[in-house]
Amino acid sequence: SEMCIRDRNSIIQEKGYPSVFVYFIVKGCIQISALDADMQEYVIEINVEEQWCSDLKSFSSGNPSEQLLTALEDTIVLCIHKKSFYKLIKTVPQFSEVYNYILEDYFFYQVNRIQSFITMNASERLDWIRRHRPELLHRISSKKMASYLGIHKDVYSKLKKSKLMEKNSSFKDS
């Protein structure tokens, strides 16, 4: 493992190549996204400090990644190669326990987010983010937040303006 520095907007993991690293974010922000046939980007997840990040499907299977990992800010990550990662799991029982906890926590968070986003309208999704991931609102551009929320950027912009009228709101302006 080693500390790696990634500049803002640099690609950390390209689509089409097997994911052989798992990343622990020391400082910064990483976006996980998918591209459709027309190269339209869809934000799947946004990870920040003290979170783990990888294309887990590719990392586990060894198959080419279907996702793109991009640094949204200047980012410092601990890069752990797949061989080292699995060696840690085998030789350090506490690491294996922590890894299982992280997987379970991430799984429950994603299930909750997906269920919520399927049943919520755009305004409710934005309120959900304000409650569960408020740090993203002042760090992520409107275009990326709209994609993450699964709403059109114009709808997000209107909602953001109306929410700014509410007390104690904070959003990134770009």
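The values are calculated or read from the model by the stated rules, or taken from the named source; none is laboratory data. Bear in mind the structure is a predicted one, so any value in this text is a computation, not a measurement. A quick note on method: Cβ atoms are made from the backbone with ideal geometry, for glycine too, and the neighbour counts reach across all protein chains shown. Side chains are part of the model used for accessible areas, which takes the heavy atoms of the whole protein and leaves out ligands, DNA and RNA. Shrake-Rupley method; radii C 1.70, N 1.55, O 1.52, S 1.80 Å.
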In the stretch 59-79, anything out of contact with any Lys or Arg (no Cβ under 7 Å at 6 or more places or on another chain), open to solvent by less than 40 Å² (accessible area, probe 1.4 Å) and polar (S, T, N, Q) is listed as Thr70
Can you spot a residue in the stretch 38-54 that is over 15 Å from the mean Cα position of the chain (by Cα) and either on the phi > 0 side of the Ramachandran plot or surrounded by 15 or more Cβ atoms within 10 Å (Cβ to Cβ) (or both)?
yes
Checking the conditions here, which among Ile44, Ile76, Ile30 is modelled with pLDDT under 95 and part of a strand (DSSP E or B)?
Ile44
Name the residues in the stretch 1-34 that are open to solvent by 40 Å² or more (accessible area, probe 1.4 Å) and either within 16 Å of the chain's Cα centre (by Cα) or charged (D, E, K, R) (or both), would you?
Glu2, Arg6, Asp7, Arg8, Asn9, Ile11, Glu14, Lys15, Phe21, Phe24, Val26, Lys27
Counting only residues that are touching a residue at least 60 places away in the same chain (Cβ under 8 Å) and within 16 Å of Val22 (Cβ to Cβ), how many does the stretch 53-79 have?
6
Output the residue which, of all residues in the stretch 106-126 that are in a helix (DSSP H, G or I) and modelled with pLDDT of 90 or more, is least open to solvent (accessible area, probe 1.4 Å).
Leu126
Out of the residues in the stretch 127-152 that are open to solvent by 70 Å² or more (accessible area, probe 1.4 Å) and outside any loop (DSSP other than H, G, I, E, B), state the one that is nearest to Val48 (Cα to Cα).
His132
May I ask you to verify whether Leu103 is modelled with pLDDT of 90 or more, under 16 Å from the mean Cα position of the chain (by Cα), of a type outside the set (D, E, K, R) and not in a loop (DSSP other than H, G, I, E, B)?
no
